[in-house]
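Input: a single structure, listed below in structure tokens.
The values are calculated or read from the model by the stated rules, or taken from the named source; none is laboratory data. From a predicted model like this one, the values you see are computed outputs, not experimental measurements. Neighbour counts run over all protein chains shown; Cβ positions are idealised from the backbone, glycine included. Protein only, heavy atoms only, side chains kept; ligands, DNA and RNA dropped before computing areas. Shrake-Rupley method; radii C 1.70, N 1.55, O 1.52, S 1.80 Å.
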Amino acid sequence: QVQLVESGGGLVQAGESLRLSCAVLGRTFNTYGWFRQAPGKERECVAAMRWSGGLTLYSDSLKGRFTFSRDNAKNTVYLQMNSLKPEDPALYYCAVSSSAVQSRASAYAYWGQGTPVTVSS
């Protein structure tokens with residue numbers, strides 16, 4: 001059975017950093033992704049990574065501030081978020097897919113429960 005367990009969300013001030021973690025239990029997948037969804041907005045892909053390496057996609061608006069990394073031995077992925085801004089608050093989800101790396105949420109079969117990120121100005 002596949003389970004995704006996220007952690008690391010919280011409340012920070014603008015300009016500070018947070019690191020989200022997502023442990024994937026059960027098996028490995030071809031693609032791992034981080035998404036976020038703010039109230040009243042659609043879910044958007046923050047970043048997506050090929051587990052075997054060599055390809056990581058980032059949202060253009062977030063590139064340079066967010067970094068997606070992984071620990072193969074632990075089947076865990078991380079999202080390092082730096083210089084957080086007032087527009088970054090959302091529920092952040094990790095997800096996994098057997099498909100090629102992509103940003104479409106519909107391609108991801110399993111999702112974590114979401115971890116909230118709040119940024120105070």
Report task. Collect the residues in the range 19-28 that are of a type outside the set (D, E, K, R) and either within 12 Å of the chain's Cα centre (by Cα) or open to solvent by less than 10 Å² (accessible area, probe 1.4 Å) (or both), keeping them in residue-number order. Result -> L20, S21, C22, A23, V24
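Listed here are the residues, each with its yes/no results for (1) free of Cβ contacts under 8 Å to residues at least 60 places away in the same chain; (2) in a loop (DSSP other than H, G, I, E, B); (3) of a type in the set (G, A, S).
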{"site": "E6", "(1), (2), (3)": "no, no, no"}
{"site": "L11", "(1), (2), (3)": "no, no, no"}
{"site": "C22", "(1), (2), (3)": "no, no, no"}
{"site": "Y32", "(1), (2), (3)": "no, no, no"}
{"site": "F35", "(1), (2), (3)": "no, no, no"}
{"site": "K41", "(1), (2), (3)": "yes, yes, no"}
{"site": "A73", "(1), (2), (3)": "yes, no, yes"}
{"site": "T118", "(1), (2), (3)": "no, no, no"}
Query raised in the report: Give me the pairs: first residue in the range 103-115 and assigned to a helix (DSSP H, G or I), second residue open to solvent by 80 Å² or more (accessible area, probe 1.4 Å), beta-carbon distance under 8 Å, and six or more apart or on different chains, which are they?
Result: A105/R43
Report summary line: Residues in the range 102-119 that are among the hydroxyl-bearing types (S, T, Y) and closer than 16 Å to V77 by Cβ total 4
Query raised in the report: Could you say whether any residue in the range 50-66 is part of a strand (DSSP E or B) and aromatic (F, W, Y)?
Result: yes
Query raised in the report: Is at least one residue of the range 33-50 more than 21 Å from S120 (Cα to Cα) and exposed (fewer than 12 other Cβ atoms within 10 Å of the Cβ)?
Result: yes
Report summary line: When the range 66-88 is checked residue by residue, the ones that are over 13 Å from the mean Cα position of the chain (by Cα) and either among the polar types (S, T, N, Q) or surrounded by fewer than 19 Cβ atoms within 10 Å (Cβ to Cβ) (or both) are D71, N72, A73, K74, N75, N82, S83, K85, P86, E87
